[in-house]
Amino acid sequence: MGLMVKGMIARRTSITEANLEHERLTSLINSMADGVLAVDTQMHVVMSNGAALNILDVNSSLRGRKLGGVVHLLDKNNQPIDIETLVKQTITPTSNRDLLIKYDDGSTMNLYLSIAPVHLGYGKQGQQGYVLLLRDITHEKSLEEERDEFISVVSHELRTPIAIAEGNISNAQFIGEKSGDMKLISDALKQAHEQVLFLADLINDLSTLSRAERGKLNIDIEAIDVPALVRDLTSNYTPQAKAKGLAFRSEVDAGVKTLDSSKLYVREILQNFITNALKYTQKGSIMLRAETADKGVRFIVQDTGIGISKTDQEKIFDKFFRSEDYRTRKTNGTGLGLYVTLKLARIVHADIDVESELNKGSAFSIFIPHLGE
């Protein structure tokens, strides 16, 4: 009798310890940020954590449900994948970052999926199956795609001006050796110089963009003499306008005196708008105006250029965006200028408005508030 009691106590102790171990394991799994699903060999869910419920967008227990009924996978080409077949074919631990989860409303999410078979030692009894680890990597995938696009676009933008500059410099050397025609040499060097300037602008945009996106741009607030700033910009850009046969005018409201903001960023914002106006205006004029506004100053850069379609107006501040309009494609551009401008505008808490009509010109209006009040 004593031996029987001892045996019963031992079994109860063993059961208690097993329950405690199970509770510890359950607590550990539920504390994980990644989704965890455990399935048996028949593909029934035997355990899941809260993160898995969030990823799968369900709010009830998954225990006992078939894996294929709760996880709907697509490959990177949006073709359906039978997850149960995928799991059963897994012999050694494996992972995949090129999958999508499809939800009932048709939306998808980029998924990292790890599958690990559970094998008990030889002669051991117990439940076997698979453990699945799920992670939302939508943000990571977005960053990867943006990085790849960035490298592709910048490589393309660098290749063209470098090739043109190299070709013109080679031509100048050849002409110098053969005929010494100074006009032809001068023309070739002028074209090469223009491409070098374009590269300098690209590098400057990339540098500013890099610092802005890393939050490394410091803002120094000072009292900006607005009339003096407008005069300075007018003086700088009038020669470029005249070279294209354009009139460059400026106006400053009588009440506009100073603006407490970053002179560096305000100037760069206005320069980007003026440069764009010059680039896409073939005839007519460009106007830079400073107007009084409540708690700040409103600047307007208006042109009589090619204008921007309604569709393109929604995208012009996107990184690397360039309109498909053939007139836009005729000019050099990185698609970064307005994106950088928007970044700088946010730093000085400015608001930008755009009004434009194809073939009738554009007006970029930016309200810049007094900072430090």
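The values are calculated or read from the model by the stated rules, or taken from the named source; none is laboratory data. Treat the numbers as computed from the prediction; the structure is a model and nothing was measured. Neighbour counts are summed over all protein chains in view; Cβ atoms, including those assigned to glycine, are modelled from backbone coordinates with ideal geometry.
Would you pick out the residues in segment 224-268 that are hydroxyl-bearing (Ser, Thr, Tyr) and either in contact (Cβ under 8 Å) with a residue 24 or more places away in the chain or in a strand (DSSP E or B) (or both)?
We begin by selecting, within segment 224-268, every residue hydroxyl-bearing (Ser, Thr, Tyr); these are 234-235, 237-238, 250, 258, 261-262, 265.
Once the filter is applied, which keeps residues that are hydroxyl-bearing (Ser, Thr, Tyr) and either in contact (Cβ under 8 Å) with a residue 24 or more places away in the chain or in a strand (DSSP E or B) (or both), segment 224-268 yields Thr234, Tyr237, Ser250, Thr258, Ser261, Ser262, Tyr265.
One residue stands out among those in segment 293-307 that are under 17 Å from Lys283 (Cβ atoms) and either part of a loop (DSSP other than H, G, I, E, B) or not assigned by TED's automatic domain parsing to the domain that holds Ala241 (or both): the one that is farthest from the chain's Cα centre (by Cα), which is Thr304. Note on segment 298-321: residues that are buried (at least 19 other Cβ atoms within 10 Å of the Cβ), among the β-branched types (Val, Ile, Thr) and either farther than 14 Å from Ile352 by Cβ or in contact with a His (Cβ under 8 Å, 6 or more places away or on another chain) (or both) total 2. Residues of segment 42-51 that are modelled with pLDDT under 90 and touching a strand residue (DSSP E or B) at 6+ places or on another chain (Cβ under 7 Å): Val46, Met47, Ser48, Asn49, Ala51.
If the requirement is being in a helix (DSSP H, G or I), in the same structural domain as Leu132 (by TED's automatic domain parsing) and surrounded by 13 or more Cβ atoms within 10 Å (Cβ to Cβ), which of these qualifies: Leu111, Leu53? Don't jump to the end; show me each part of the working.
Values: Leu111 fails: in a helix (DSSP H, G or I).
The unique qualifying residue is Leu53.
Regarding segment 52-73, can at least one residue be identified that is closer than 16 Å to Leu111 by Cα, in contact with a Ser or Thr (Cβ under 7 Å, 6 or more places away or on another chain) and modelled with pLDDT of 90 or more? Looking for residues that are closer than 16 Å to Leu111 by Cα, in contact with a Ser or Thr (Cβ under 7 Å, 6 or more places away or on another chain) and modelled with pLDDT of 90 or more, one finds none in segment 52-73, hence no. Only one of the numbered conditions (1) modelled with pLDDT of 70 or more; (2) loosely packed, with under 15 Cβ neighbours inside 10 Å; (3) not β-branched (Val, Ile, Thr) is not met by Ser155, and that is (1). All conditions but one from (1) in a helix (DSSP H, G or I); (2) modelled with pLDDT of 85 or more; (3) of a type in the set (A, V, I, L, M, F, W, C) apply to Leu28; the one that does not is (2). Against the criterion of being outside the structural domain of Val301 (by TED's automatic domain parsing), out of contact with any helix residue (DSSP H, G or I) (no Cβ under 7 Å at 6 or more places or on another chain) and surrounded by 15 or more Cβ atoms within 10 Å (Cβ to Cβ), Asp201 qualifies.
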